[in-house]
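The values are calculated or read from the model by the stated rules, or taken from the named source; none is laboratory data. Computed from a predicted model, the values in this text were never measured in an experiment. Because the Cβ atoms are built from the backbone with ideal geometry, glycine has one as well, and the counts that use them run over all protein chains shown.
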There are 2 protein chains.
Amino acid sequence: MSAAAQVQADLDRLLPLLDALLTTPFREGEAARLGEAMRYSLEAGGKRVRPILCLLAAEAVGGTAAQALPGALALEYIHTYSLIHDDLPAMDDDDLRRGRPTNHKVYGEGHAILAGDGLLTEAFGVLATADLDPVRRAQALALLAEGAGWRGMVGGQALDLEGETLAAYDLDHLRLIHRLKTGALLRTSLEIGAVLGGAAPEEQAALRAYGEAIGLAFQIQDDILDATATEADLGKRAGKDAGRGKITYPSLLGLDGARNALSEATETALCHLASLPNRSSLAAWARYLAQRAK
Amino acid sequence: MSAAAQVQADLDRLLPLLDALLTTPFREGEAARLGEAMRYSLEAGGKRVRPILCLLAAEAVGGTAAQALPGALALEYIHTYSLIHDDLPAMDDDDLRRGRPTNHKVYGEGHAILAGDGLLTEAFGVLATADLDPVRRAQALALLAEGAGWRGMVGGQALDLEGETLAAYDLDHLRLIHRLKTGALLRTSLEIGAVLGGAAPEEQAALRAYGEAIGLAFQIQDDILDATATEADLGKRAGKDAGRGKITYPSLLGLDGARNALSEATETALCHLASLPNRSSLAAWARYLAQRAK
């Protein structure tokens, strides 16, 4: 089966599990408009990369997707909140996301800030209240706080904001930002899936390393797409990064250099899967993420 | 001992426990400026009402303050993040907080949003990683997510934002907003302390009811202070609520009516303590909060 066909088969199998529960916590409540704002961004679609990788990580170590489902939901809540906050005028100032108006354009800045806060809080709520083994629950919660917090995603976003005014900005600094901003949550997705699926310590370490490598690949490909794609392809403003003079992998390495770095990161990811019992799906995702057109 | 003397004795005893650990998670990290922004707001002082009540709740049911310390830290991180986000231009748009420039005036709006996100995330991190009984840990995390989330504090903040444009706005709606915006986290502070201190279910319920009552009292007193105090008293702009035509307890009930409601809420809080073994400190706090001058 091709990588794309394997990915599609996994999506067909796993997305219904996610979609059945994703907006459930945000349906009935006194703050109805805030609930609507949170559902708006959750229902905007997107690739659901992080929760799907979480579910596949559980399967890769011999567990089930059902065991990792609370973690998968938590990861999508974190990712969605981060997009809402990143799109705010004080941050990236984006009007479009996935081809639709961004949350603050529809609900106002105040509600967009609060919708992000509510999703972030519920990410921990869903893990705290799910029927989970207590040791695995605590590990998953700790991993989520570390990957999403100021030593992970939030810290990367801060460094990225500061980077726009930095005079010196080299490849090491770009890697640091992406390791935190994008890489930390992807890596955490794999680790949480591993923990909830009952991974042995060395399996968790392998999935962590796989997650770091595909996190790097994902960001390089994102930069390549931004440099080469059109607005219709991306569903958001294209060439935005270059337009504001932002440093990217193509701007530092050239387009060919960036493509080489992408291949290397993908190979590294595949190597780390070698010892896992059920690795075919995660291998297909590594190849698919490097080839994706948007 | 007078209520004020009892409160001071508890503060002298418990604040050092908190202060020794409060900024520890935010000291060393790659996003140094973000860490500084988080510490800036944590170190702005404030009354530490929520964490102190959490520690006292643990003691009130026969547990120790040390058992509840991770919960107390988590509550102060949540409270501090909520102040940072509330002060943003898209929300209450405040330049001063506790007599100092607000977070976004010092670090910029982007970093203030991220500092809030980082503190919110660490609140769950400190509970996830502390050495706690697994059942109590899960209960405390679930209580925190509920009290701080869109069915609690964040939802109240959204309703408060929407309220500024509402035509009809009565006492019931004001109570709903405050039950969520201020009350939920105060109530949660008591419940988390109860759970981590090993409370029996009926003790937890009593402390929840006490927390709801002092939450109401706290908000009424806040409104009374805003209507009567000067800027120097409060360390923030005084008369702000009335100035923008915001509905408050004094504006709905008159100043005397608001003072009566405050006394009633305080009496209710004291009644709920009747069955607890060590209730003198929490009783003193209920009286103190109703009398406080700022």
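Picking from B:GLY35, B:GLY110, B:GLY71, B:GLY118, which residue would you name as being part of a helix (DSSP H, G or I), under 19 Å from the mean Cα position of the chain (by Cα) and over 30 Å from B:ALA205 (Cβ atoms)?
It is B:GLY118.
Quick grid of which residues meet (1) in contact with a Cys (Cβ under 6 Å, 6 or more places away or on another chain); (2) facing chain A (nearest Cβ under 7 Å); (3) surrounded by 24 or more Cβ atoms within 10 Å (Cβ to Cβ):
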{"position": "B:GLN139", "(1), (2), (3)": "no, no, no"}
{"position": "B:ALA142", "(1), (2), (3)": "no, yes, no"}
{"position": "B:ALA148", "(1), (2), (3)": "no, yes, yes"}
{"position": "B:MET153", "(1), (2), (3)": "no, no, yes"}
{"position": "B:THR188", "(1), (2), (3)": "no, no, yes"}
{"position": "B:GLU202", "(1), (2), (3)": "no, no, no"}
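Could you check segment A:121-136 and list, in sequence order, the residues that are among the charged types (D, E, K, R), in a helix (DSSP H, G or I) and more than 19 Å from A:LEU21 (Cα to Cα)?
Result: A:ARG136, single match.
Can you name the residue in segment B:20-54 that is more than 8 Å from chain A (Cβ to nearest Cβ) and of a type in the set (Asp, Glu) and, of all such residues, is nearest to B:LEU83 (Cα to Cα)?
Top of the filtered list is B:GLU43.
Taking the conditions exactly as written (buried (at least 20 other Cβ atoms within 10 Å of the Cβ) and within 27 Å of A:GLN219 (Cα to Cα)), does A:ASP10 satisfy them or not?
Against the criterion (buried (at least 20 other Cβ atoms within 10 Å of the Cβ) and within 27 Å of A:GLN219 (Cα to Cα)), A:ASP10 qualifies.
Report, by residue number, each residue of segment A:121-142 that is more than 20 Å from the chain's Cα centre (by Cα) and farther than 17 Å from A:GLY29 by Cβ.
Selection gives A:ALA128, A:ALA130, A:ASP131, A:LEU132, A:ASP133, A:PRO134, A:VAL135, A:ARG136, A:ARG137, A:ALA138.
Mind checking whether some residue in segment B:77-84 is at the interface with another protein chain (Cβ under 10 Å from one of its Cβ atoms) and either closer than 26 Å to B:SER275 by Cβ or without any contact (Cβ under 8 Å) to a residue 12 or more places away in the chain (or both)?
no
Could you check A:THR102 against (1) farther than 23 Å from B:GLU122 by Cβ; (2) more than 7 Å from chain B (Cβ to nearest Cβ); (3) in contact with a helix residue (DSSP H, G or I) (Cβ under 6 Å, 6 or more places away or on another chain) and say which number it fails?
A:THR102 satisfies every listed condition except (3).
List the helices (runs of 4 or more DSSP H) that sit entirely inside segment B:173-251 and contain at least 2 residues that are at pLDDT 90 or above and closer than 21 Å to B:ALA145 by Cβ.
In segment B:173-251, the matching helices (runs of 4 or more DSSP H) lie at B:184-196, B:201-228.
Of the residues B:THR102, B:THR23, which single one is surrounded by fewer than 18 Cβ atoms within 10 Å (Cβ to Cβ), of a type in the set (Val, Ile, Thr) and within 30 Å of A:MET153 (Cα to Cα)?
Going through B:THR102, B:THR23 in turn, the sole match is B:THR23.
Taking interchain pairs and intrachain pairs at least six residues apart, which have beta carbon atoms under 9 angstrom, with the first residue in segment A:244-268 and within 23 Å of A:ASP160 (Cβ to Cβ) and the second outside any helix (DSSP H, G or I) and not charged (D, E, K, R)?
So the pair list comes out as A:ILE247/A:LEU166; A:ILE247/A:TYR169; A:SER251/A:GLY245; A:LEU252/A:TYR169; A:ALA258/A:THR248.
Quick check on segment B:105-136: of everything there that is among the charged types (D, E, K, R) and facing chain A (nearest Cβ under 7 Å), which residue is surrounded by the most Cβ atoms within 10 Å (Cβ to Cβ)?
Once the filter is applied, the top-ranked residue is B:ASP117.
Would you confirm, using the coordinates I've provided, whether A:LEU83 is touching a strand residue (DSSP E or B) at 6+ places or on another chain (Cβ under 8 Å), under 24 Å from A:ILE247 (Cα atoms) and assigned to a helix (DSSP H, G or I)?
Yes: the conditions hold for A:LEU83.
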